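The values are calculated or read from the model by the stated rules, or taken from the named source; none is laboratory data. Please read all numbers here as calculations on a predicted model, not as lab measurements. Here the Cβ is made from the backbone with ideal geometry for all residues, glycine too, and neighbour counts use every protein chain on show. With ligands, DNA and RNA removed, areas are computed over all heavy atoms of the protein, side chains included. Shrake-Rupley method; radii C 1.70, N 1.55, O 1.52, S 1.80 Å.
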Amino acid sequence: MSEAIWSEVCNGLEREIGKEAFRHWIAPLTFGGERGGVVEIQAPTRFLGQWVERHYARDILTHLRKAGRNVSELRFTWTRERAESALPASSTGREDAASPAGTASRYARPLPTATLKPQFTFETFVVGKPNMMAHAAARQVAEAAGDNSVVCNPLFLYSGVGLGKTHLMHAIAWELTRNRGKRVIYLSAEQFMYRFVQALRSRDMLAFKEMFRSVDVLMVDDVQFIAGKDSTQEEFFHTFNALIDQGKQVVISADRAPGEIDGIEERIRSRLQWGLVVDIHPADFELRLGILQSKAEAHRARNPEVKIPEEVLEFLARKITDNIRVLEGALTRLVSFAAPLGTPVTIDFARQCLADILRAADHKITLEEIMRKVGEHYGLRISDLVGPRRSRAIARPRQVAMYLAKAMTSKSLPDIGRAFGGRDHTTVLHAVRRIEALRAADARIADDLEYLRRQLES
Ligand code: ADP
Ligand code: MG
């Protein structure tokens, strides 16, 4: 079989699975030949090979057959592990930091890495549909950072709060420092700014720049924090560019998509979108239950006397839906309350012990509720709010509803736009800004907002 057929297969695949997925998963593969109906496909890393095998093998086979090949089997191979184990162990930041003082190495100072939580590893990260892509991308980076054959740079991870961004970032950092001997700086955007300001103050900018540019991998958590902070933004951008240009891996997280972060410069925004942008969706019931089961097991190791029946885990997974941190907190509290009492953990016990958390979870405000209340207040129907009409009598209440949706739920701008009759996220952003301005200038709007907020919270 010739390369030409592989490229025909690639064209077909690209159309089928989309440009982005193609670029990320298929483009790095090379065709390794065919013998007796078995086609070998080479992947740059084991992870990528296994992922493609699991998710795209059938598509690849289909397209090979379409191209007229009588293929019975695909075999995926990867070469990197072998190559890596042959390399001498490279030095890590930690070893450099520990080198004896006299040897004034440029790296003698420890890297300003934030503390990594020992429990935030890939082993403890439960994978489900909502976080599958993010997890895959994180694994990919952890395995192949700095390998130019894989287009994953920068990796931009985003999601609402408590859905596992920091956990994945730490997992990547652990893997890279511990098992791959890479020099990694992981910090929050806030810490980045702090370091930067400190360096300015102590006139130590050169050292600052050198330190950041000397790493193999830079990871910045919660990057939305630099929005509106112009000189920090600028410095971040230069650091970022310098590293990317050298083929160093950069990993960024934020609480929203690059396009939605207000107050950052256009050129930075667009560079953030260059690599791979993936989001973690809110956990579904299965994932919530899976996480609870895995955490319950960890608790059992420490408190073997506390038994938490499956039905209690299911109860929690059903009730607490929007934030995994809260879900975990609920379980921890159950265990710590039940352990000294020796009480069996029942659903009733959980109800009592978690009353406040459950109440807060019950009171989650939905977009429908907001539309209903706003509609009632202004004498409109929901269909008016989501419909196309743009007269002021409808447009203003619609903006109010969008504003409340942004302020009172964890929905993203695109989510809100979709719910309001498929509007663009920029329309929502405009509404939010408009109402914010009016709230300051127009007492009637301020009163309306206050009233509606109280209605929705009650
Ligand atoms: P974020 O940074 O997105 O706000 P975190 O990474 O801090 O969220 O996650 C919040 C908590 O939920 C952490 O304790 C984390 O370990 C846990 N968590 C989130 N997702 C998962 C998962 N898929 N498996 C196991 N634990 C998870
Ligand atoms: Mg976080």
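Summary table
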item: Estimated FRET transfer efficiency (residue 213, residue 70; beta-carbon r; R0 41 Å; 0.05); result: 0.20
item: Largest to smallest accessible area among 418, 288, 201 [probe 1.4 Å]; result: 201, 418, 288
item: Computed P(r) (all Cα pairs; segment 129-279; 10 Å bins; percent); result: 11, 45, 36, 8, 0
item: Loop-resident sites, segment 293-324, for GluC sites (Glu not before Pro), counting at most 15 other Cβ within 10 Å (DSSP); result: 305
item: Degrees between helix 132-144 axis and first principal axis of the chain (Cα, 0 to 90, nearest 10); result: 30
item: Dipole in debye (nearest 20) - segment 3-78, about Cα centre, beta carbon charges: Lys, Arg +1; Asp, Glu -1; result: 120
item: Residue among 388, 17, 287 farthest towards the positive dipole end of the chain, charges placed on Cβ; result: 388
item: Heavy-atom accessible surface of the chain: percent carbon and sulfur, 1.4 Å; result: 51
item: Estimated FRET transfer efficiency (residue 35, residue 123; beta-carbon r; R0 45 Å; 0.05); result: 0.75
item: HN-Hα J in Hz across segment 372-389 - Karplus 6.51, -1.76, 1.60, θ = phi - 60°, x for Gly and Pro; result: 5, 5, 5, x, 4, 4, 9, x, 10, 9, 4, 4, 5, 5, 8, x, x, 5
item: Degrees, to the nearest 10: 189-201 long Cα axis against longest axis of the chain; result: 80
item: Segment 367-457: projected area of the alpha-carbon convex hull, averaged over directions, in nm²; result: 5.0
item: Listed residues 48, 32, 312: farthest to the positive end of the dipole of the chain (Cβ charges); result: 312
item: Helix-derived mean residue ellipticity, 222 nm - over the chain, DSSP H n ≥ 4, -39500 (n - 2.57), to 500; result: -17000 deg cm²/dmol
item: Alpha-carbon Rg/Rh ratio, for segment 285-362, with Rh computed the Kirkwood way; result: 0.92
item: Using alpha-carbon coordinates, inclination of helix 392-408 to the longest axis of the chain, degrees; result: 60
item: Computed label-point distance, nm, for sites residue 442 and residue 50 using a 7 Å Cα→Cβ extension; result: 5.8
item: Directionally averaged projected area (convex hull, Cα atoms, the chain), nm²; result: 29.3
item: Members of 229/411; 319/411; 117/209; 182/295; 129/165 lying beyond 23 Å, as alpha-carbon distances in this model show; result: 229/411; 117/209; 182/295
item: Assigned charges on the beta-carbon of Lys, Arg, Asp, Glu; the chain dipole about Cα centre (debye); result: 480
item: Amide H contacts of residue 188 (H built 1.01 Å from N, under 5 Å, at least 5 apart or other chain); result: 221
item: Simple Cβ-charge dipole of segment 232-287, Lys/Arg +1 and Asp/Glu -1, about Cα centre, in debye nearest 20; result: 280
item: Segment 295-428 - Kirkwood radius from inverse mean 1/r over Cα pairs (Å); result: 17.4
item: Among 62, 112, 425 the positive-end extreme of the charge dipole of the chain (Cβ point charges); result: 425
